[in-house]
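Coordinate-derived values only; no laboratory data. Given the structure is predicted, the values throughout are model-derived calculations rather than measurements. We place every Cβ from the backbone using ideal geometry, glycine too, and count neighbours over all the protein chains shown.
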Amino acid sequence: MTDPFLLIAYILLFPGFLFLFAYSMTFEFLDRRIVARMQNRVGPPFFQPFADLVKTLGKEVIDPRGVDRPIFDAAPVVALAAVMTSFLYVPIIGPSPLAFQGDLVLVLYLLTLPTLALMLLGWLSRNIYAAVGGIRAVTMLFIYEVPFFLALMMPTLMAGTWSISDIMAWQEEHLCLAILQPIAFIVALIGLQAKLERTPFDIPEAETEIVAGPWTELTGRRLALMHLANETSAVVGSALIAAVFLGGLAFPWTVESAILSATVGFLLFLAKTVAILLVLSIIRAATARVRLDQLNTIGWKYLTMAALAQVGIVLVMMASGVGI
Amino acid sequence: MTRIVVPIGPQHPALKEPVNFRVVTDGERIVDLELNLSYSHRGIEKAAEQRDFIRVLPLIERVCGICSHSHATVFSKGIEEIMGVEIPPRAQYIRTIIAELERMHSHMLWLGVAAHEVGFNTLFMWTWRDREAVLDTLEELSGNRVHYNMNEIGGVRLDLSPSQVEAALARMPVLEERIRAYVGMVEDEETMLTRFRGVGSLSREEALSFGAVGPTARASGVDYDVRKDDPYLVYDEIPWNVVTDTNGDVYGRTKVRIGEIAESLGIVRHCLENLPGGPIRAEAPKAAPPGEILSRYEAPRGEVAHFIRTNGTARVERVDIRTPTLANWTSVAHCLIGRPLADVPVIVAAIDPCLSCTSRITLVKSGGDLGKDAPPPNGPRGWSR
């Protein structure tokens, strides 16, 4: 894929920005629909997330008094740009053409940016609910990020590479990493739930406590872009976990035609990400929001310890040659 | 961290009612609290003095949207006692049925709200769905979902037909099964337990000293229920139990309320099955003789008391309403100090506050002249700390 035209098509059309946008809308629809069905509600129609986005984009932008406008405008754009960029390094069908050694680290860091943007927005909003929410968001970051990073670094240990595409390729030759490292897989799923600030980890935007947290003063396109950044994060996070932990779940037979093989690979990608979304949605519908101090206990006492235990297990497995 | 003041209410998505908390927090921990009540004084007591008894009943029912039957019953009970009118057994049973259905739907509503306050919206959706079955029953029996208007001085307005009784009884097994599901959920759902256990703890002594009533007091082990301690209607004739718990926290209050839903269901079923025949109204005189009475009643939220003074006419000279929320407020303020900010909604919700009902304030000033002590210009200010 050295052809510049193809590369641009990859970035902009498929599986780049356009696909990411469309898929994140579908993702939101599925999420809302699954939760609605679990809650005995009807749920939104298919186009609702898109309609919501268009409507919010067209709404008036209201500046809180005394707000630092340039940064307030820039933060949602930065958040969205970071998430969209990170998607380019996540393998969808085959390995990503932009893959390099260390792109896993880059993706993880780019996925952290929306949280930092949220903290900044909360702090700049000149609103007590937003400020408290922003502080909560960044406090939470320190709690879930450690086990989340540990869990996603584990595959690099076993596969001996820092590239997501290479980890995926490694799994096709060996075993699925979700089977080899089940604890890391579960910790990564919980960490993703926390990263996306979904129940039980929706502490920064706890509606009944601090209105909407950092989102309180966001209006119009700022709200729409921030919301889109959140939705695309869900897709990128699911795709990342699908590539890193479920990469081995390839189609067992060789498909002859190249186009057919790509289609099968794409369908597999959809199936894996939707399966991850299903787990996240079920967690969202089946839990209550925990408190920040309780999350502290969960994060450091259980998740980090579990991730560290997995490190030990992986090291022992590698020393004894199991699974490699 | 520095101290910050978080204003909660009177417009806030967590509190749908007009109340204002100024929560002073040190980081996430609450260090001080100021409560401002009484944003919606409606003058119901004064309005009640201008009408005859028949027209007071629909008015006094509107003190509260949830405990509407409670206020109407406690008022007519008081007037009937002053008049010396004994209402027929069938009317007593019908009043009891409506009262217990009201308790069921109130507690189910509360359970949903409490779940929503801790972000557990699934339980919220489920309880409110199942609550519809109770509301449908009430609508079939009285014609209304919220303000049933079943009471009259001397009896009830509507009789229950055998087919209505049958339809109401048919709904009971479904509700029974749902209540069992809630009991399971409250005891097993781990994230909800972490938010409810040990939150808003109130010891038995504290509950007594703050004068807490209703499920709030019973969850702290105070065995006080007007239905048992000062029986009215048919509560001394039918089998039922006072539900108490010793946890004293939000978890205990949840358990008490779920237990009470089950008890209420038993009472409704018993009353429907053993509904006596006869008239539904006794002939009551138009005017009441002069007298004073403190009429008490166990509303879903706790003891509601009406002080009624009559002067020989068809109107009351004075009616003073004490809602259970007023009795429970002081314990809330006590529970909140030292808790994380995140616990505010659930601790406040745990007493099942009904703030517009509470908006009638008596100005108390020790040793001073009350006449000069006019309310502040911004409206009457309530209990503050």
**Item:** Gain in span if fully extended, B:Arg22 to B:Arg309, counting 0.36 nm per residue against the direct Cα distance
**Value:** 99.5 nm
**Asked** Per the helix-only calculation at 222 nm, which mean residue ellipticity applies to chain A, given -39500 (n - 2.57) for every DSSP H run of n ≥ 4 and division by its residues, nearest 500 deg cm²/dmol?
**Response** -23000 deg cm²/dmol
**Pairwise label distance in nanometres, B:Glu237 with A:Ala262, each label 7 Å out on the Cα-Cβ vector** = 8.3
**Prompt:** How large is the convex hull of the Cα atoms of the protein assembly as shown per residue, expressed in Å³ as a whole number?
**Reply:** 192
**Asked** Roughly how many nanometres apart are two label points built 7 Å out from the Cα toward the Cβ at B:Asp136 and A:Cys176?
**Response** 4.3
**Request:** Could you tell me the distance between the Cα centroids of the range B:104-163 and the range A:260-290, to the nearest Å?
**Result:** 39
**Prompt:** Considering chain B as a Gaussian network with a 10 Å cut-off on Cα pairs, which listed residue, B:Ile293, B:Ile79, B:Ile94, attains the greatest mean-square fluctuation?
**Reply:** B:Ile293
**Message:** Which of A:Arg284, A:Arg41, A:Arg222 ends up with the largest GNM mean-square fluctuation for chain A, with Cα atoms connected below 10 Å?
**Reply:** A:Arg41
**Item:** Cα gyration tensor of the range B:45-322 - equivalent ellipsoid semi-axes, whole Å, descending
**Value:** 32, 22, 16
**Request:** State, to one decimal in nm, how far the label point of B:Glu273 lies from the label point of A:Asp3, with both points 7 Å from Cα in the Cβ direction.
**Result:** 8.0
**Prompt:** Taking each full run of DSSP H in chain B as one helix, which ones are at least 30 Å long along their axis (Cα atoms) and have mean Kyte-Doolittle hydropathy of at least -1.0?
**Reply:** B:89-117, B:121-142, B:162-188, B:250-273
**Prompt:** Given a cut-off of 26 Å, what percent of all Cα-Cα pairs of the range B:1-147 lie beyond it?
**Reply:** 46
**Request:** Whole Å is fine, so just give me how far the alpha carbon centre of the range B:176-212 lies from that of the range B:66-90.
**Result:** 32
**Fill in**
Scoring only Lys, Arg, Asp and Glu (+1, +1, -1, -1) among other residues with Cβ under 11 Å from the Cβ of B:Asn151 yields +1
**Complete:** For A:Lys301, counting only lysines whose alpha-carbon sits under 26 Å away and dropping same-chain residues fewer than eight positions off, the answer is A:Lys195
**Message:** Distance between the C-alpha centers of the range A:126-181 and the range B:222-251? Whole Å please.
**Reply:** 53
**Fill in**
With a Förster distance of 22 angstrom and the Cβ-Cβ distance between B:Leu193 and B:Arg3, calculated FRET efficiency to the nearest 0.05 equals 0.10
**Asked** Taking the range A:91-219 on its own, what percent of its Cα-Cα pair distances exceed 19 Å?
**Response** 55
**Radius 9 Å from Cβ of B:Val304, net charge of other residues (Lys, Arg +1; Asp, Glu -1)** = +1
**Asked** Among all cysteines in chain B, which have no other cysteine Cβ under 4.7 Å from their own Cβ?
**Response** B:Cys271, B:Cys335
**Message:** For chain B, set up a GNM with springs between Cα atoms under 10 Å and report which of B:Thr216, B:Thr191, B:Thr330 has the largest fluctuation.
**Reply:** B:Thr191
**Message:** For chain A, what are Rg and Dmax over the alpha carbons, in angstrom?
**Reply:** 19.8, 63
**Complete:** Shape call for the range A:168-229, from the Cα gyration tensor axes a ≥ b ≥ c (a/c under 1.5 means rounded, otherwise prolate when a/b beats b/c, else oblate), comes out oblate
**Complete:** Set B:Lys16/B:Lys77; A:Lys59/B:Lys16; B:Lys16/B:Lys286, cut-off 28 Å on Cα-Cα distance; pairs above it are B:Lys16/B:Lys77; B:Lys16/B:Lys286
**Request:** Work out which helices of chain A, taken as complete DSSP H runs, extend at least 20 Å along their axis over the Cα atoms and score a mean Kyte-Doolittle of 1.6 or more, then list them.
**Result:** A:103-124, A:258-286, A:304-320
